[in-house]
Amino acid sequence: MDLYLGNGVNYVASFTAPLTGLGGGSAAVFASGFLDPTSNQNGAAFGLFAALANGTVVQLPAATAPNARVQVIHNSADVLAGSVDVYINGALAIPDFAFRSATPFIDLPAGVTLNIGVAPGNSSSVNDTLANFPVILSADEKYVVFANGVLTGGYLPNPDGRNTDFTLL
């Protein structure tokens, strides 16, 4: 069960509702608590609950978000990309990522749009990105991603006429 804010756009959380044990009974399911307790006098954290017919209230478990495994290989020979910072959804994920280096496999959320931004290695925020790529990964898949190409002009054209623009493959 995926929960969104009233606008239907902003995702809040996912929960499972294992209610098969009710045996034909009923339950009232309700959301309760603060999405950010620290901003609300350390009040109760947000959760999804079921009130059973006998008066028992049970907390429904949060669903495990599906993931994909991703390894990134930096293969852009552009001197401006000698060292880059990689941002995922605005957060610095891979700082000072050097040319001809690779990450270990990392877990990333699957089934949602990830906005991947590549910035110079000395960037101060996601606002410094030079290239952006929206991607959606499939759950339980492994990906090897190559950062290839050049960010700027001034290089000789590819003799085969292939596009040499910076991209993720």
Of the conditions (1) in contact with a helix residue (DSSP H, G or I) (Cβ under 9 Å, 6 or more places away or on another chain); (2) under 22 Å from A13 (Cα atoms); (3) modelled with pLDDT of 95 or more; (4) of a type outside the set (F, W, Y), H74 fails just one. Which one is it? (2)
Of the residues in segment 131-148, those that are closer than 18 Å to T164 by Cβ and either β-branched (V, I, T) or not in a strand (DSSP E or B) (or both) come to V145
Can you tell me which residue among T103, T113, T129 is in contact (Cβ under 8 Å) with a residue 12 or more places away in the chain and more than 24 Å from P66 (Cα to Cα)? T129
Would you mention how many residues in segment 111-129 are surrounded by 20 or more Cβ atoms within 10 Å (Cβ to Cβ) and of a type outside the set (S, T, Y)? 4
Going residue by residue through segment 91-105, is there one that turns out to be assigned to a loop (DSSP other than H, G, I, E, B) and in contact with a Leu (Cβ under 7 Å, 6 or more places away or on another chain)? no
Looking only at residues in segment 11-32 that are under 25 Å from G111 (Cβ atoms) and touching a Phe, Trp or Tyr at 6+ places or on another chain (Cβ under 8 Å), which one is surrounded by the most Cβ atoms within 10 Å (Cβ to Cβ)? A13
Just for segment 75-106: of the residues that are on the phi > 0 side of the Ramachandran plot and within 19 Å of the chain's Cα centre (by Cα), which one is surrounded by the most Cβ atoms within 10 Å (Cβ to Cβ)? N89
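The values are calculated or read from the model by the stated rules, or taken from the named source; none is laboratory data. As the structure is a prediction and not an experimental result, all values here were calculated from the model. Cβ sites come from the backbone with ideal geometry, for glycine too, and all protein chains shown count toward neighbours.
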